[in-house]
Amino acid sequence: MSRTNEPGGSRNAMDVATIAEEMRAIRRHLHQNPETAFSEFGTSALVASRLKDWGYDVTEGVAGTGVVGTLRIGSGRASIGLRADMDALRITEETGLPHASVKDGVMHACGHDGHTAMLLGAACNLAQTRNFTGTVHLFFQPAEEIGHDSGGERMVKEGLFERFPCDAVFGMHTHPGLPVGHFLTKAGPFMAAADKMVITIDGVGGHAGRPHLTVDAAVVAAGIGMALQTIVARNVNPIEPAVVTVGVLQAGTVYNAVAGTARLELSIRSFSETTRQRLCTRIRDMVHAQAESYGAKAVIDWLPGYPVLVNDATAAALAASVAREVIGADCVDADAAPMMTSEDFAYMLQQRPGCFLRIGNGVDSKAVHNPGYDFDDQCLPVGIAFWTRLVERFLEQGVAPRMADRTE
Ligand SMILES: [Zn+2]
Ligand SMILES: [Zn+2]
């Protein structure tokens, strides 16, 4: 039987339900007032103010608009990090809901309002229940959505884990198409690396009737577009997922002239660093060699996106066990299929072992990044109970559980 209405068991049921009610109001306020990457000023001020009210040590201005709340209880030496993202998207909302965005062209279409509210609710609950020994760091990060030089990446580069040491770190994302409050996760690679490459071909333009005096950039670009198709087929291990998509191919302006320049833009996705580096190297080599074979030059701009998101096996098992305790065993899939979308929480998981989970937003929920999407508030009590129990179980001994990645 589902325990969705009483997450966390009977001991804290009323507390969690009451907190979830308050968080529902906050979630809807955030939804109504969305803020895009590195402009989450109102959101982070609200988060910081609540954390201070509940007795947290609060650090503001982390990677711009990020906030970290720290709570230490007892003499336990272990520490855990929990992360929520706060930014909205440049999408015009079409939900028609009473709490719809009041900002033209900006909306919370990826549920980060809900992520923030769930973690804030857990902060409130943990400050009351105090049923652990050790340190909790709550990371409220800016700018997950921008794909490059993101909030999570900047936090890590600015020394997040040196300033706020963690034995493990956990994150959670809304998941349309899954019943409300159910969980998905997986040990190992769970979400893809996604990179962008921009290729500019320099040839020599001229008259269409005198091609022998030109270097035709359109022909070079077409040749490269075809040659790239062999990389996944011939250079990548066939049991490794990989994608090379030529999304943009532009050359020329008029039919009776040879194009002197051309431009290609590629989307490159993979599930391991080995495959990612292999794709990068082979694409570079092939593009330069192809261009040279036609007498042209290629300039390559490689824009690394988020790395592969890899869950630690022990952390994933603990998270799944906590999820089963909170919502019921039949509502948790701990061996979910990997996804070709990407996440900047991957940077944190490169630094510390941990786990990323997906929480169901309902089978009829609109997809994320759709103008009709809205976070389902029924997730709030489940998420609050999950984060609370995860902290309690991770910090029950005062010493961190040994992670699979760790060596003594
Ligand atoms: Zn998103
Ligand atoms: Zn998102």
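Scanning region 284-323 for residues that are in contact with a helix residue (DSSP H, G or I) (Cβ under 8 Å, 6 or more places away or on another chain) and among the charged types (D, E, K, R), we see that the one that is farthest from Val258 (Cα to Cα) is Asp312. A single entry from Val287, Val310, Val299 fulfils the requirement of being among the β-branched types (Val, Ile, Thr), closer than 21 Å to Ile224 by Cβ, in a strand (DSSP E or B) and away from ligand 2 (no atom under 15 Å from the Cβ): Val299. Screening Glu162 with (1) open to solvent by 30 Å² or more (accessible area, probe 1.4 Å); (2) within 16 Å of ligand 1 (Cβ to nearest atom) gives one miss only, at (2).
Does region 60-67 include one or more residues that are at negative phi, open to solvent by 50 Å² or more (accessible area, probe 1.4 Å), in a strand (DSSP E or B) and touching a residue at least 12 places away in the same chain (Cβ under 8 Å)? Yes - at least one qualifying residue is present in region 60-67. Comparison of Asp374, Asp330, Asp344, Asp364 shows that the only residue that is at pLDDT 95 or above, acidic (Asp, Glu) and touching a Phe, Trp or Tyr at 6+ places or on another chain (Cβ under 6 Å) is Asp344.
Taken over region 364-375, the criterion of being within 16 Å of ligand 1 (Cβ to nearest atom) and among the acidic types (Asp, Glu) is satisfied by Asp374 alone. The requirement of being open to solvent by less than 10 Å² (accessible area, probe 1.4 Å) and farther than 30 Å from Tyr294 by Cβ is satisfied by Thr116. For Thr135, the test of being away from ligand 2 (no atom under 11 Å from the Cβ), under 28 Å from Leu395 (Cα atoms) and not in a helix (DSSP H, G or I) is passed. Anything in region 321-363 that is more than 16 Å from ligand 1 (Cβ to nearest atom), closer than 24 Å to Pro307 by Cα, assigned to a helix (DSSP H, G or I) and touching a strand residue (DSSP E or B) at 6+ places or on another chain (Cβ under 7 Å)? List them, or say none. Met348, Leu349, listed by residue number.
Residues that are closer than 19 Å to Trp302 by Cβ and away from ligand 2 (no atom under 14 Å from the Cβ) were ranked within region 139-159; the one that is least open to solvent (accessible area, probe 1.4 Å) is Glu153. Of all residue pairs spaced 6 or more apart or on separate chains, those with beta-carbon atoms under 9 Å, a first member in region 236-250 that is over 22 Å from Ala222 (Cβ atoms) and a second member that is open to solvent by 60 Å² or more (accessible area, probe 1.4 Å) and in a strand (DSSP E or B) are Pro241/Arg269; Ala242/Arg269.
Does region 88-105 include one or more residues that are among the acidic types (Asp, Glu) and buried (at least 24 other Cβ atoms within 10 Å of the Cβ)? Among the residues of region 88-105, at least one is among the acidic types (Asp, Glu) and buried (at least 24 other Cβ atoms within 10 Å of the Cβ), which makes the answer yes. Condition check for Gly372 on (1) surrounded by fewer than 24 Cβ atoms within 10 Å (Cβ to Cβ); (2) part of a helix (DSSP H, G or I): one failure, at (2).
With respect to being open to solvent by 30 Å² or more (accessible area, probe 1.4 Å), part of a loop (DSSP other than H, G, I, E, B) and in contact with a strand residue (DSSP E or B) (Cβ under 8 Å, 6 or more places away or on another chain), Pro189 falls outside the description. Within region 103-142, work out how many residues are touching a Phe, Trp or Tyr at 6+ places or on another chain (Cβ under 9 Å) and hydroxyl-bearing (Ser, Thr, Tyr). Residues meeting the conditions: 2.
The values are calculated or read from the model by the stated rules, or taken from the named source; none is laboratory data. Everything numeric here is computed off the predicted structure, so don't read it as measured data. Cβ: placed from backbone, ideal geometry, glycine included. Neighbour counts: every protein chain shown. Accessible surface is based on the protein model in full, side chains and every heavy atom, while ligands, DNA and RNA are left aside. Shrake-Rupley method; radii C 1.70, N 1.55, O 1.52, S 1.80 Å.
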